[in-house]
Amino acid sequence: MAIGHIGLAAPRARAALHVRVRELLDREWFLGPAFVTPALLLLLLLVAYPFVMAVYFALSDSFIGRPSHFVGIRNFIALWESDAFRQTFQNAFVFTGISVALKLGLGISLALLLSQPLWFTRAIRGAVLLPWVIPTALSTLGWVWMFDSLYSVVNWTGLALGALDPPGPNWLGQRYHAMAAVITVNVWRGLPFFAITILAGLVSIPRELYEAAESDGAGPASRFWYVTLPLLKPVLAIVILFSTIFTFSDFNIVFVLTHGGPINSTHLFATLARQIGLETGRIGEGAAISLYLFPVLVFVVWAQLRYVRRQVY
Amino acid sequence: MARASRRRRSEKVASHLLLVPFLVFALFPFYHMALTSLKTDRELYDRAAVPLLIQQGPTLEHYVKLLWDTAFLTWIKNSLFVTLLATTLSLVIGTVAAYALARLRFVGVGAFGTGIFVTYLVPTSLLFLPLAQVVNWLGLGDSKWALVITYPTFLVPFCTWLLMGYFRTVPREVEECAMVDGATRVQALLRIVLPIAVPGLVCAVLFAFTLSWNEFIYALTFTSSSDQITASVGVTSELIRGDIYYWGSLMAGAVLGSVPIVILYVFFLDYYVSGLTAGALK
């Protein structure tokens with residue numbers, strides 16, 4: 001470490017400081033914490049702290065612009081006694097279960113097709129991935145119009161093909177149809193993630209395994225069952241876990257498409273939390289609803305750490 | 001020989017045919033959106049018209065109305081402002097954190113890695129209510145700055161996670177060589193590791209940009225004035241008056257609000273494909 005000129009005292013002191021900082025930055029015990037501090041502060045202030053507040057709100061009778069009191073688990077009890085919440089609870093499982101199952105089945109099929117030799121690979125992949133990159137709130141708006149009660153293009157097509165009886169269902173106004181619509185849009189938007197990720201898993205399976213299975217007389221079905229599926233398992237596990245937490249906590253699609261209606265039949269935790277917490281101002285109850293997402297988060301994190309990523313960082 | 005190649009050819013055709021329903025499902029909503037935005041109101045609300053085509057001539061009136069009679073351009077500007085700042089901020093914070101996780105040994109590195117992974121999985125809808133209070137306390141209620149500081153809560157874990165994977169692929173020796181030659185660690189990071197990890201950085205920027213541009217629940221909760229909201233919120237809230245939907249303008253807004261993402265997408269498709277899998281699988 002050469003210090004340029006030996007001259008006045010002040011520059012020398014400054015140079016010495018410079019050298020010390022430089023040396024400090026070369027020490028891992030210093031540089032490491034220094035590098036993670038910004039991220040750590042951000043996450044403490046804007047993730048950990050709000051989480052503690054969410055728990056506090058959930059245990060209090062907070063109302064917008066009013067001092068609050070500790071009420072224990074009264075919010076949670078009140079929620080269980082409300083029809084809207086019980087409906088939401090059920091919706092969340094129906095919505096997540098059906099959506100993830102459909103995305104998985106369709107995703108595997110689509111990935112298998114995409115892994116075949118194709119003429120326009122890039123264009124096709126681009127088209128497949130498109131629903132995933134377009135702002136969900138805006139594309140869902142397009143679906144609202146497609147499901148419109150009077151001018152639905154879905155109904156028009158169904159009627160033209162003879163698949164529906166006139167006048168066709170009011171998709172967003174009837175409870176089961178509304179749930180079907182919400183699931184459809186979620187599958188539409190989430191399928192690319194499944195397909196592209198599973199495709200990456202498919203491509204990484206060594207060709208020799210298929211050749212070996214083929215020379216042992218395995219047909220396409222048994223090759224899929226005994227070679228592809230077992231080797232895809234880790235990828236499928238990750239994709240399912242990811243999708244479960246983000247489907248369960250979905251907000252955008254339901255908010256734009258149905259606002260939770262008709263009569264709460266499509267509400268999910270996030271949309272109900274917003275309605276109770278912001279629109280009616282009962283923040284305590286709203287926070288309690290949001291916290292119902294937490295056990296699912298814990299499960300997904302646990303499963304990922306336990307089975308999928310033994311070594312996290 | 002000829003028969004085998006003919007069989008391969010017909011298999012290829014079959015694959016394409018089987019893909020058709022998937023492609024129609026993926027693309028039709030966009031086609032219908034664009035079509036609607038170009039139709040005259042008379043045709044839009046004509047129950048006898050065929051909704052799959054434009055028969056009474058295309059029109060730009062909805063776009064004109066959107067750009068001149070609403071604050072749409074302000075919303076786009078807000079979106080750009082928030083997205084660019086949040087992306088830059090998150091990229092810087094994420095890069096140094098990822099480097100520390102990938103390369104440095106220090107007390108607590110394991111716990112921090114787990115913490116980043118956990119926050120990566122935290123959905124925005126879990127914390128938006130208390131976060132709204134934090135935003136108010138910081139004096140950022142109904143300000144786009146609230147979005148600039150809250151978007152990094154999901155962007156930083158994502159960037160860190162993604163970049164950590166890329167940094168690990170840079171051989172340690174390359175870096176050590178530079179350090180033997182007298183470079184400091186920071187110099188080695190800036191001049192050796194980052195240039196090698198450029199594809200990763202591009203990926204991180206693209207995804208951070210896309211995620212912030214598309215973010216909805218925070219934007220909807222933390223901002224409400226017309227001069228602060230982003231494009232997604234503006235189009236979904238301000239263009240709908242009560243129960244009246246102006247479908248032409250709404251679809252024009254949805255189309256234009258997606259344009260920045262589509263432009264990036266067309267140029268960087270391969271990065272999107274690789275980043276999507278890297279984010280989930282690495």
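If you plug the beta carbon distance of B:R7 and B:V198 into 1/(1 + (r/R0)^6) with R0 = 45 Å, you get a FRET efficiency near 0.55. Report the Cα centroid-to-centroid distance between region B:10-29 and region A:102-149 in angstrom, as an integer. About 11 Å separates the Cα centre of region B:10-29 from the one of region A:102-149. As a length-normalised measure over Cα pairs under 8 Å and 6 or more apart, the relative contact order of region A:20-171 settles at 7 percent. Within the shell of other residues whose beta carbon sits under 14 angstrom from the beta carbon of B:L126, the net charge comes to 0, with Lys and Arg scored +1 and Asp and Glu -1. Remark: spin-label model distance A:E214-A:F63 equals 7.2 nm, labels positioned 7 Å along the Cα→Cβ axis. Taking Lys and Arg as +1 and Asp and Glu as -1, the other residues whose beta-carbon sits under 14 Å from that of A:L114 total +3. Spin-label pair B:L84-A:S109: with each label point 7 Å from Cα along the Cα-Cβ axis, the two points sit 4.5 nm from one another. Taking 0.36 nm per residue of separation and subtracting the Cα-Cα distance, full extension of the segment from A:W225 to A:I73 would add 49.9 nm. In chain A, helices alone account for a calculated mean residue ellipticity at 222 nm of -21000 deg cm²/dmol, with every DSSP H run of four or more residues adding -39,500 (n - 2.57).
Only Lys, Arg, Asp and Glu carry charge here, each on its Cβ (+1 for the first two, -1 for the last two); on that basis the protein assembly as shown has a dipole of about 1380 debye about its Cα centre. Only Cα sites of the protein assembly as shown enter the Debye sum here, all with the same form factor; the resulting log10 I(q)/I(0) across q = 0.06, 0.07, 0.10 1/Å is -0.36, -0.48, -0.95, listed in q order.
The fewest-to-most ranking of A:F224, B:F112 by surrounding Cβ atoms within 10 Å reads A:F224, B:F112. Determine the shape class of chain B: with a ≥ b ≥ c the square roots of the Cα gyration tensor eigenvalues, call it rounded for a/c under 1.5, and otherwise prolate if a/b is greater than b/c, oblate otherwise. Oblate, since a/c reaches 1.5 and b/c is not below a/b. Placing unit charges on the Cβ atoms of the charged side chains and taking the dipole of the protein assembly as shown about its Cα centre, the candidate lying farthest along the positive direction among B:L220, B:L201, A:A270 is B:L201. If you count Lys pairs in the protein assembly as shown whose Cα atoms are under 21 Å apart, skipping same-chain pairs closer than 8 places in sequence, the total is 5. How far is helix B:124-137 tilted off the main Cα axis of chain B, in degrees rounded to 10, range 0 to 90? On a 0 to 90 degree scale, this one is about 80. Here the Kirkwood formula, the inverse mean of 1/r across different C-alpha pairs, assigns region B:21-90 a hydrodynamic radius of 14.8 Å. Note that region B:254-262 has calculated 3J(HN,Hα) couplings of 5, 5, 5, x, 8, 4, x, 5, 5 Hz, one per residue in order, obtained from phi through the Karplus relation 6.51 cos²θ - 1.76 cosθ + 1.60 (θ = phi - 60°); glycine and proline are x.
If the chain linking A:V203 and A:H18 were pulled fully straight, counting 0.36 nm for each residue of separation and taking away their Cα-Cα distance, it would gain 61.5 nm. Let me make sure I get this right: for region A:173-219, a, b and c are the square roots of the gyration tensor eigenvalues over alpha carbons, sorted descending. Under 1.5 in a/c it's rounded, otherwise prolate if a/b > b/c, else oblate. Which is it? Oblate.
With the cut-off at 1.5 for a/c, could you classify region A:83-152 from its C-alpha gyration tensor as rounded, prolate or oblate?
Since a/c reaches 1.5 but b/c is at least a/b, the shape of region A:83-152 is classed as oblate.
Return the whole-Å distance between the Cα centroid of region B:48-94 and the Cα centroid of region B:206-282. The two parts, judged by their Cα centres, are 8 Å apart.
Using Cβ counts within 10 Å as a stand-in for footprinting exposure, how do A:E28, B:E175 rank, fewest first?
Values: A:E28 15, B:E175 20.
So the residues, fewest neighbours to most, are A:E28, B:E175.
Principal axis analysis of the Cα atoms in region A:85-308 yields extents of 65, 50, 27 Å, listed in decreasing size.
Going by how many other beta carbons lie within 10 Å of each one, how would you line up B:Y45, B:Y272, fewest first?
Details: B:Y45 13, B:Y272 23.
The order, fewest Cβ neighbours first, is B:Y45, B:Y272.
The separation of region A:48-101 from region B:129-161, counted between C-alpha centres, amounts to 22 Å.
Net charge of the neighbourhood of A:H267, taken over other residues with C-beta under 13 Å away and scored Lys/Arg +1, Asp/Glu -1, is 0. With both labels modelled 7 Å from their Cα along Cα-to-Cβ, the A:R86 to A:Y56 distance reads 3.4 nm.
With contacts defined as alpha carbon pairs under 8 Å and 6 or more residues apart, what's the relative contact order of region B:71-281 in percent?
33 percent
Over its Cα atoms, what ratio of radius of gyration to 2.2 N^0.38 Å does region A:78-202 give? Provide the component values of the computation, followed by the final result.
Working: Rg = 17.3 Å, N = 125, 2.2 N^0.38 = 13.8 Å.
For region A:78-202, the normalised Cα radius of gyration is 1.26.
Each reported figure results from applying straightforward, stated rules to the coordinates on display, with no laboratory input. On a predicted model such as this, the values are computed, not experimentally measured, just so you know. Heads up, the Cβs are rebuilt from the backbone with ideal geometry, glycines too, and the neighbour counts pull from every protein chain shown.
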